[in-house]
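Colleague: Questions regarding the structure given below will be posed in turn.
Nothing in this text is a laboratory measurement; each read-out follows from the coordinates by a stated rule. Every value quoted in this text rests on a predicted model; they were computed, and no experiment measured them. Neighbour counts run over all protein chains shown; Cβ positions are idealised from the backbone, glycine included.
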Amino acid sequence: MIPLEGKIALVTGGSRGIGRACVLGLARAGADVAVNYLIRQDLAKEVCSLVQGYGRRAFPFQADVSNSSEVNRMIGAVEERMGGVDILVNNAGIARRYPWDQVPEEGWDEIMRVNLKSAFLVTQAVLPGMRARKWGRIINISSGAAATGGVVGPYYAASKAGMLGMTHGYASLTLKEGITVNAVAPSLIETEMAHRDLRVDPKSTPIGRMGTVEEVSEVVVMLARNGYITGQTIFVNGGRHMT
């Protein structure tokens with residue numbers, strides 16, 4: 001396992017939920033962390049303060065990561081203040097509930113833009129630096145819905161399945177450049193989104209409880225430290241889907 005001291009991580013949507021847990025997990029493993037947020041600056045500053053308590057650097061960076069000009073601005077600011085991004089966690093995402101047979105076109109476009117296009121834009125922005133340094137870790141936070149259909153709807157499942165295809169594509173192209181690309185596919189994790197937007201039943205997993213954000217972040221940290229695993233999807237789902 002590769003130590004993460006001296007590495008710079010960027011977590012999109014890092015101010016709360018799974019993203020926040022990934023920020024803290026990577027910091028505990030030794031990385032300095034750039035925390036991307038869209039609206040909740042207070043939460044981003046709070047998690048940065050926790051990281052600094054571990055003796056690591058952390059700064060908040062506001063950007064809509066589904067917008068290419070904002071992504072480029074953010075990456076430039078991260079590089080200027082912290083250095084080149086070594087570890088990217090594409091975590092930013094949304095879930096909207098529509099009747100499955102009445103999904104509006106604008107709803108489809110929004111979910112693809114936020115969940116899938118954002119991961120593409122940020123990946124494209126950090127890859128040149130990773131290739132120049134011959135080292136990088138890209139970890140895409142997908143969903144178990146990519147394999148099972150999930151509880152949100154086919155539009156959400158399609159956006160998360162797209163992340164898996166993108167993971168395979170980039171992994172196959174960066175094999176010889178010291179860069180690994182993997183996906184983590186959580187299901188029914190204890191987050192504000194799960195309770196507020198999805199209203200899921202905690203007992204609907206075979207294991208009988210919802211997962212924790214820390215259980216997801218442990219997998220992310222492992223993938224950041226491992227140089228041999230690439231092109232893989234790791235399901236964190238309490239036995240809901242087995243491969």
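Colleague: Looking at region 105-117, I want the residues that are over 15 Å from M163 (Cα atoms) and have a partner that is of a type in the set (K, R) with Cβ atoms under 7 Å, at least 6 apart or on another chain. Which pairs are those?
Modeller: Sorted first by the residue in region 105-117, then by its partner, the pairs are G107/R96.
Colleague: Something else: Those residues that are over 24 Å from N226 (Cβ atoms) and within 18 Å of the chain's Cα centre (by Cα), I need them from region 129-149; list them, please.
Modeller: Going through region 129-149, the residues over 24 Å from N226 (Cβ atoms) turn out to be 145, 148-149.
The answer is A145, and nothing else.
Colleague: Could you tell me whether M210 is surrounded by fewer than 23 Cβ atoms within 10 Å (Cβ to Cβ) and within 20 Å of I18 (Cα to Cα)?
Modeller: yes
Colleague: So which residues in region 9-37 are under 18 Å from I75 (Cα atoms) and touching an Asp or Glu at 6+ places or on another chain (Cβ under 6 Å), if there are any at all?
Modeller: Once the filter is applied, which keeps residues that are under 18 Å from I75 (Cα atoms) and touching an Asp or Glu at 6+ places or on another chain (Cβ under 6 Å), region 9-37 yields nothing.
Colleague: Would you be able to say whether some residue in region 79-98 is closer than 25 Å to A185 by Cβ and among the hydroxyl-bearing types (S, T, Y)?
Modeller: yes
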